[in-house]
Structure formats: C-alpha cells, structure tokens
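The values are calculated or read from the model by the stated rules, or taken from the named source; none is laboratory data. Worth saying up front: this structure is predicted, and the values here are computed from it rather than measured. Cβ coordinates were reconstructed from backbone atoms using ideal geometry, including for glycine residues, and neighbour counts include every protein chain displayed. The area values use the complete protein model at the heavy-atom level, side chains included, leaving out ligands, DNA and RNA. Shrake-Rupley method; radii C 1.70, N 1.55, O 1.52, S 1.80 Å.
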Amino acid sequence: MELKNISFQYKEYSNKESLPSQLNLLVEKALLISKQAYVPYSNFHVGAALELENGEIFSSTNQENASYPVGICAERGLLFYVASQYPTEKIIRLAVSSEDLAQPLPPCGMCRQVILEYEKKQGKSIEIILSGKSGKVYVLPSAASLLPLHFDEKYLEP
C-alpha cells in the first residue's frame, strides 16, 4: 500500500469587496439572484452567475419540486441554458453563492461533473468563484480542482 495525496491551489480573499471588480460583479449577481430561488422544501437559496468570453453575464437559481429529483441546481440550470442558447461562446468564469451562508458555497457533485464537462467541451478551464453572503471567497482555477478524480471520456473507451 502506498499513501497518496491530492491537492490543489486556490485563491482565498478575505471578503467579496477585496475581489477584482469583475469577480465581485459575478458574486454580487449570484447573491442577488439567490433570493429568487424557488425552495419551498429546503429553504436553501442558491444563485449562480457566469460570464462568457463575449462579456455577457447570465444568472440563475436553484428550483425545487415536491418530487425531489425533478428540481435542478442553479449551476446546472444556468450552464444548460447558456450552452443551448450560446453554443459557440466560451464560459470564462462561474460564481456560486447563497444569501443563506456566511461561508463559501461549493457546488454539489453533480454540478462539479457538469462544469467539468463544459470545460472539456470548450477546451478551456472555467474559473470558479465560491462565496456566501459575507466572509471569505475562494477562487479556483477550474472545475477539475473541485473534482480531482473525475470521470470523463477516457473511462468510456473499450
């Protein structure tokens, strides 16, 4: 047996106000829209905002349903919409946040896998910004940082 270690680097900012202006803008948009989440069951509001290479910014929220698997996370809903409406535009960064937390909010496992798939599709990393309503903010270089032992097309080859 050999003990191995997986690590990655990320930037930690003391608060959203200390972020570069474009990153702060995305965090603010994610926080603002998180208030509009439809979450009658969990009451856990999540917002996501992303920026395309052409400068356009889009945002979305999580949406719940009484049939729990039917709901969707803010990140996946946003990525699916943007990919279908702007299929040739590259995503340069994605912010995930919640007005319900005072700590950085990471995407769930499904969302991490979907973000990673879009990185692979566009051949370029997507910068990930994680925040809460206050406190520290994490900026990661890519979805692969969030999911180091990820599943991808190499496992589908015979």
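Hey, any hits in the range 58-72 for a residue that's under 26 Å from residue 12 (Cβ atoms) and of a type in the set (D, E, K, R)? Taking every residue of the range 58-72 in turn, none turns out to be under 26 Å from residue 12 (Cβ atoms) and of a type in the set (D, E, K, R). Within the range 115-148, the set of residues being of a type in the set (A, V, I, L, M, F, W, C) and within 15 Å of residue 12 (Cα to Cα) comprises 128, 129, 130, 137, 139, 140, 146. Scanning the range 137-158 for residues that are part of a loop (DSSP other than H, G, I, E, B) and within 24 Å of residue 21 (Cβ to Cβ), we see that the one that is most open to solvent (accessible area, probe 1.4 Å) is 141. When residues in the range 81-129 are screened for being within 18 Å of residue 64 (Cα to Cα), assigned to a helix (DSSP H, G or I) and either open to solvent by less than 60 Å² (accessible area, probe 1.4 Å) or without any contact (Cβ under 8 Å) to a residue 24 or more places away in the chain (or both), 3 of them pass. The number of residues in the range 64-75 that are crowded, with 16+ Cβ neighbours inside 10 Å and not in a helix (DSSP H, G or I) comes to 4.
For first residues located in the range 42-61 and assigned to a loop (DSSP other than H, G, I, E, B), partners that are among the β-branched types (Val, Ile, Thr) and surrounded by fewer than 22 Cβ atoms within 10 Å (Cβ to Cβ) and lie 6+ apart or on another chain with Cβ distances below 6 Å form the pairs 45/39; 53/92.
Among residues that are open to solvent by 20 Å² or more (accessible area, probe 1.4 Å), modelled with pLDDT of 95 or more and hydroxyl-bearing (Ser, Thr, Tyr), residue 59 is included. Within the range 15-54, the set of residues being over 15 Å from residue 74 (Cα atoms) and of a type in the set (Gly, Ala, Ser) comprises 18, 21. Here 78, 25 are screened, and the one residue that is open to solvent by less than 40 Å² (accessible area, probe 1.4 Å), touching a residue at least 12 places away in the same chain (Cβ under 8 Å) and out of contact with any His (no Cβ under 7 Å at 6 or more places or on another chain) is 78.
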